């Protein structure tokens, strides 16, 4: 199968440091290649892949020393993808809804995985207008704010099984990994650690938009001997950082669409203590791979019995539910279903019965051939 993967340009694929969506795109792309498929990756030029790389800019936009307009760069990429659409059996987008107007006109089957939160007000208008376009959720909870779109499946994220190793004997500290922002619950994680008298190691990036929050609310805790701020780390450091923790603290205050760090911890055998928001109840099995609690006091109580969690069960559940091979196979099923539906539509159209999608496809052909008039 000839497959195009279209990644955001904010980070390389995989990212050098933080970057959830780009890492998932990398894991999926490499698995598809290993399964024998012909994959083309549209991404920043500093990406690393065994697929065919179509560099859309010289380096990840976040790392560029020259100010770059993110919208301009992504629009140029979308235009190039559709100029080459005829080369692929299917196109898989990971850039939200920016490509929707052109996707509606395309003959080539396509699917979009939504990686972000879907409870933002204006999104309802996007999906009302483009209600026929097929999309994928990364958790069932992600769908709740928008039941009307054309959801095709939920596909949970996955990691390469050998990327992170099992750690049977943890150290005596808690881990927090992610971004410094109010919704990630970093203040609550600090409160939990201080209440227990246990070290908290924080591996997190501070985006410019959150610098004021960091300076006002978090920086004051860094003088505490139990609070160890490491900063942003890459994949190589995660195995040691997560694997040697007694637990990952995940006291989120927002509807997390997935939460990749939870399965990273499970891959190391590290249990998770998390609040029941967003995807958490779908990812964590209470009492098996961690504890789901409602507040900081319950988290403190859960942490005191964290040794009751069998770390080998965390690794086992990861291998069964959250490997990148499983993720790739589920996406391949989605691709095959879309291709079968396209063949059915082609047959229907050739036998004289038009349909919504084909009318837009015909309109696209007229645009490209110069035969479209105002009438």
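Put a dot 7 Å past the Cα of residue 119, heading toward its Cβ, do the same for residue 148, and the two dots end up 2.0 nm apart.
Its DSSP H runs of at least 4 residues, each contributing -39,500 (n - 2.57), put the calculated 222 nm mean residue ellipticity of the chain at -10500 deg cm²/dmol, to the nearest 500. For the range 173-321, the antiparallel share of DSSP beta bridges with both residues in that region comes to about 0%. Classify the range 56-164: rounded, prolate or oblate, from the alpha-carbon gyration tensor (a ≥ b ≥ c, eigenvalue square roots; a/c under 1.5 rounded; otherwise prolate if a/b is larger than b/c)? Rounded is the answer for the range 56-164, as its axis ratio a/c remains below 1.5. At full extension, residue 237 and residue 295 could sit 17.9 nm farther apart than now, given 0.36 nm per residue minus the alpha carbon distance.
Computing Kirkwood radius over Cα pairs in Å directly from the structure and comparing it against (i) 22.6; (ii) 22.0; (iii) 21.5 singles out (ii).
Using the Cβ-Cβ distance between residue 211 and residue 163 with R0 set to 41 Å, the FRET efficiency works out to roughly 0.85. For the peptides 59-68, 76-85, the ranking by packing is 76-85, 59-68, with the highest mean count of neighbouring Cβ atoms within 10 Å listed first.
Axis angle, to the nearest 10 degrees, between helix 311-321 and the longest C-alpha principal axis of the chain: 10 degrees. Computed from Cα atoms, the angle from the helix 70-83 axis to the main principal axis of the chain rounds to 40 degrees.
The alpha carbon centroids of the range 76-98 and the range 295-341 are separated by 30 Å. Between residue 195 and residue 312, what FRET efficiency comes out of the Förster formula 1/(1 + (r/R0)^6) with R0 = 25 Å and r the beta carbon distance, rounded to 0.05? Given R0 = 25 Å and the Cβ-Cβ separation, E is 0.30. Modelled label positions at residue 63 and residue 222, each set 7 Å beyond Cα in the direction of Cβ, lie 2.3 nm from each other. Relative to the longest principal axis of the chain, what angle (0 to 90°, nearest 10) does the C-alpha long axis of helix 356-369 take? Taking the Cα atoms of the chain, the angle to 356-369 is about 70 degrees.
We did not get these values from a lab; they are worked out from the coordinates using the rules stated. Just so it is clear, the structure is predicted and the values come from calculations on it, not from any experiment. Counting neighbours? That spans all protein chains shown, and the Cβs are built from the backbone with ideal geometry, glycine included.
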